[in-house]
1. Expressed as a whole percent, how much of the Cα-Cα distance distribution for region A:1-85 exceeds 21 Å?
2. Excluding B:THR5 itself, what net charge comes from residues whose Cβ is under 11 Å from its Cβ, given Lys and Arg +1 and Asp and Glu -1?
3. With r as the distance between the Cβ atoms of B:GLU32 and B:GLU54 and R0 = 22 Å, compute the FRET efficiency 1/(1 + (r/R0)^6) and round to 0.05.
4. To the nearest whole number, what is the average tally of beta carbon atoms from other chains within 10 Å of the beta carbons of peptide B:34-47?
5. Would you kindly compute the Cα radius of gyration of the protein assembly as shown and its largest Cα-Cα separation (Dmax), both in Å?
6. If packing is taken as the mean number of other Cβ atoms within 10 Å per residue, what is the order of B:4-12, A:66-74, A:91-99, A:45-53, highest first?
7. Would you work out which of B:PRO75, B:TRP35, B:GLN45 lies farthest towards the positive end of the dipole of region B:18-80? Charges go on Cβ: Lys and Arg +1, Asp and Glu -1.
8. Once you've got the Cα coordinates, tell me which of A:LYS14/B:LYS98; A:LYS14/B:LYS9; B:LYS74/B:LYS103; B:LYS15/B:LYS57; A:LYS41/B:LYS57 are over 23 Å apart.
Amino acid sequence: GAVVSQHPSWVICKSGTSVKIECRSLDFQATTMFWYRQFPKQSLMLMATSNEGSKATYEQGVEKDKFLINHASLTLSTLTVTSAHPEDSSFYICSARQGAGELFFGEGSRLTVL
Amino acid sequence: AQRVTQPEKLLSVFKGAPVELKCNYSYSGSPELFWYVQYSRQRLQLLLRHISRESIKGFTADLNKGETSFHLKKPFAQEEDSAMYYCALWNSGGSNYKLTFGKGTLLTVNP
């Protein structure tokens, strides 16, 4: 199947700093990318949907100024956690699809905010 | 709003036993349902979707609109089936395309 890659796989940062996580589709053009957050032993919660070249659509309760999502190209979307705090520590997962095709998931990025 | 319910957080069976992971959904439109699997330390991957009506790794799932269910079944569980299983519902209403996940069921197949 198609490959979606996230980087970094694990990042540790100090409280108050901003962290950027990248999501790349390696062998297909991702017209739509989704960002999820997963707490330990819990399900994936959709944060936002981004379509290439347009603003992301955020789910209710997700602060768009806190979690900045950019989908500037058909192979790259970024999630920036601004002014991170310990409660932002989580596992962030992206997924991507081309048109109405199958959804492929990245391996996830673990954020630890000290 | 759409909702996916997996009532069992944990399910433990012995190798060779039948297994059924339950999934119920709530959706106003025509549902498109999936089962995803996440093996230990691996990424989430698609197991099967209801529209293809296929059997993957011996697993099947039938959409029952009357009971709003999409239970995942396998007649003879194997140890390598041990993983986290998520039922998911694709919302394609209007311009809001997204996948809603259930909370997941951790399946353990004992030798």
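The values are calculated or read from the model by the stated rules, or taken from the named source; none is laboratory data. Nothing here was measured: the structure is a model prediction, and the numbers come from that model. All Cβ positions, glycine included, derive from the backbone under ideal geometry; neighbour counts span all protein chains shown. For accessibility, only protein heavy atoms count, side chains too; no ligands or nucleic acids. Shrake-Rupley method; radii C 1.70, N 1.55, O 1.52, S 1.80 Å.
1. In whole percent, the long-distance tail amounts to 29.
2. With Lys, Arg at +1 and Asp, Glu at -1, the neighbours total +2.
3. Values: r = 15 Å, r/R0 = 0.67.
That pair, B:GLU54 with B:GLU32, gives E of 0.90.
4. 3
5. Rg then Dmax for the protein assembly as shown, in Å: 17.7, 52.
6. So the order, starting with the most tightly packed, is A:91-99, A:45-53, A:66-74, B:4-12.
7. Farthest towards the positive pole: B:GLN45.
8. Numbers: A:LYS14/B:LYS98 32 Å; A:LYS14/B:LYS9 34 Å; B:LYS74/B:LYS103 20 Å; B:LYS15/B:LYS57 15 Å; A:LYS41/B:LYS57 25 Å.
Going by Cα-Cα distance, A:LYS14/B:LYS98; A:LYS14/B:LYS9; A:LYS41/B:LYS57 fall outside the 23 Å limit.
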